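The values are calculated or read from the model by the stated rules, or taken from the named source; none is laboratory data. Treat the numbers as computed from the prediction; the structure is a model and nothing was measured. For neighbour counting, all protein chains shown are included, and Cβ atoms are generated from backbone atoms with ideal geometry for every residue, glycine included. Heavy atoms of the whole protein, side chains included, go into the accessibility calculation; ligands, DNA and RNA do not. Shrake-Rupley method; radii C 1.70, N 1.55, O 1.52, S 1.80 Å.
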Amino acid sequence: MADEPLTLKSSLADLSKRDWLAAVSELCEEDGYFEPLGKRHFAAFIERDSTLLVSFETIQGMHALSDKAQPLGWEMIETGNWSHLCLASDGDTWFRDQAVHGYFDRLIDDGFFDEFETVLFYGAGPCGYAAAAYSVASPGARVLAIQPQATLDPRVTEWDPRFTDMRLQDFTSRYGYAPDMLDAADHAYVLYDPREALDAMHAALFTRPNVTKLRMRFMGDALQTDLLEMEQWGPLLIAAADGSLDAAAFATTYRARREYRPYLRNLLNALDDDDRDGLIEMLCRNVAGRIGGRRFVNRLAQLEKARGEG
C-alpha cells in the first residue's frame with residue numbers, strides 16, 4: 001500500500017493506529033485538513049459541494065463498521081459529493097473535552113458553517129449525543145441522532161445504570177444538555193427502538209416541536225449497524241439533509257426490515273414471549289414463503305402439526 005497513492009477508495013484496515021492516523025491526515029490534505037484535538041479526539045475535513053455532513057464517530061467504530069476502516073461519512077463524499085467534517089474520538093468520550101469545545105468555538109468565530117447551504121449533524125449512541133449537543137454551533141442545521149443519550153448527568157438520568165464511569169464528566173457546562181442544544185436546529189430526527197427501555201427514556205427527553213422521533217420497533221440496541229446492513233443508512237442521511245424525512249418517508253425506508261433476518265428473528269422472539277401462536281404462524285408462513293429460513297420453516301411445520309393433532 002505504501003507504493004500506491006492513497007485515495008478515498010484505499011483500504012486502511014490493516015494499518016497500525018499510527019499509520020492509520022497518518023493515512024487519514026494525508027487523505028485530508030489536498031481538499032481539507034486534519035487537526036488533533038487533545039489526546040483522544042481529532043477533526044478531519046474534506047471539502048466538496050455545498051452540503052456538509054458533520055459526523056461524530058469513534059476510531060473503533062470506523063474499524064468495525066467500515067470494510068475500509070474509514071469514517072462512515074466518507075461514503076457520502078463518494079456517493080453524493082458532500083463535504084464532510086468528521087469529529088472522531090478514541091473510545092466513547094461523548095466528546096466532553098475542552099479541546100473539542102474550543103474547536104467548535106473557532107468554527108463559529110470563522111463563520112465556517114455559513115459557507116454551506118445544507119448542514120447535517122450525525123451520530124449514534126454517545127456520538128448521537130454529541131451530534132445533537134454541538135449542532136447548536138450551526139443554527140438552522142439538521143440533525144440525525146440514533147439512540148442518543150440526552151445527558152449523563154446523574155441528577156437527570158440517575159435511572160440509567162450504563163456508562164457509570166462517565167458520571168464524573170461535566171455534562172452541565174457549554175454544549176452540555178443535548179436536547180436544549182437542538183433549539184436552534186431547523187429539525188432533528190431521533191431514532192430508537194421503544195422496546196429498549198433506556199434508549200426510549202432518553203428519547204423522551206428530546207421531545208421538542210422541531211424533533212421527529214422515529215421508532216424502530218423490534219430492532220434492538222445496534223440500530224446504526226442494522227441500517228448499514230439493510231443498506232438504508234445512506235438514503236436516511238440524504239432524506240434528513242434535504243428535509244424530506246418524515247414518518248411516512250421513514251416507514252417506506254424501514255420496509256427493508258421485511259428482508260432483514262435479525263429483525264425477523266427479534267420479532268419471532270417477541271411473539272414467542274407473548275405466546276401469540278396465531279401471529280407466529282402468520283409470520284413464519286410469510287417469511288418461509290418469501291425468503292425461507294430454517295427456523296421459520298421448522299416453526300411453521302411445528303405449529304401446523306400441533307394444530308392438526310388438536
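Among rounded, prolate and oblate, which fits the chain when a ≥ b ≥ c are the square roots of the eigenvalues of its C-alpha gyration tensor, a/c under 1.5 means rounded, and a/b larger than b/c means prolate? In terms of gyration-tensor shape, prolate. Protein heavy-atom surface of the chain, 1.4 angstrom probe: 47% of the accessible area is carbon and sulfur, with nucleic acids and ligands not counted. Note on the chain: GNM, Cα springs under 10 Å; of Leu236, Leu268, Leu182, the largest mean-square fluctuation is that of Leu268.
For the chain, with every protein chain kept in place, what is the accessible area per residue (1.4 Å probe, Å²)? Present the calculation step by step, with values, prior to reporting the outcome.
Numbers: 14640 Å² over 310 residues.
Heavy-atom accessible area per residue stands at 47 Å².
With 21 Å as the cut-off, how large is the P(r) tail for region 64-215, expressed as percent of Cα-Cα pairs? Could the numbers behind the result be given before it?
Numbers: 5043 of 11476 pairs.
Tail fraction, whole percent: 44.
Among 112-121, 201-210, 154-163, the peptide with the highest mean count of other Cβ atoms within 10 Å heads the list, and the full ranking is 112-121, 201-210, 154-163. Projecting the Cα atoms of Met230, Ala141, Ala99 onto the dipole axis of the chain, where Lys and Arg carry +1 and Asp and Glu carry -1 at the beta carbon, places Met230 farthest toward the positive end. In this rough spin-label picture, where each label sits 7 Å from Cα along the Cβ direction, the Leu8-Asp165 distance is 3.4 nm. Considering only Arg215, Arg142, Arg255, the Gaussian network model of the chain with Cα springs below 10 Å gives its largest mean-square fluctuation to Arg255. Dipole check for the chain: with +1 at the C-beta of Lys and Arg, -1 at the C-beta of Asp and Glu, and the Cα centre as origin, the magnitude is about 1480 Debye.
Comparing Leu168, Leu27, Leu214 in a Gaussian network model of the chain where C-alpha atoms under 10 Å apart are linked, the largest mean-square fluctuation is found at Leu168. Which shape class, rounded, prolate or oblate, goes with region 1-54 when its Cα gyration tensor gives a ≥ b ≥ c as root eigenvalues, a/c under 1.5 marks rounded, and past that a/b bigger than b/c marks prolate? In terms of gyration-tensor shape, oblate.
Please give me, ordered by residue number, the GluC sites (Glu not before Pro) of region 227-308 that lie in loop per DSSP and have at most 13 other Cβ atoms within 10 Å. Could the numbers behind the result be given before it?
Working: sites: Glu229, Glu231, Glu259, Glu281, Glu304; in loops: Glu231.
Sparse-neighbourhood loop GluC sites (Glu not before Pro): Glu231.
For the pair Thr207 and Asp221, label points projected 7 Å from Cα toward Cβ lie 2.4 nm apart.
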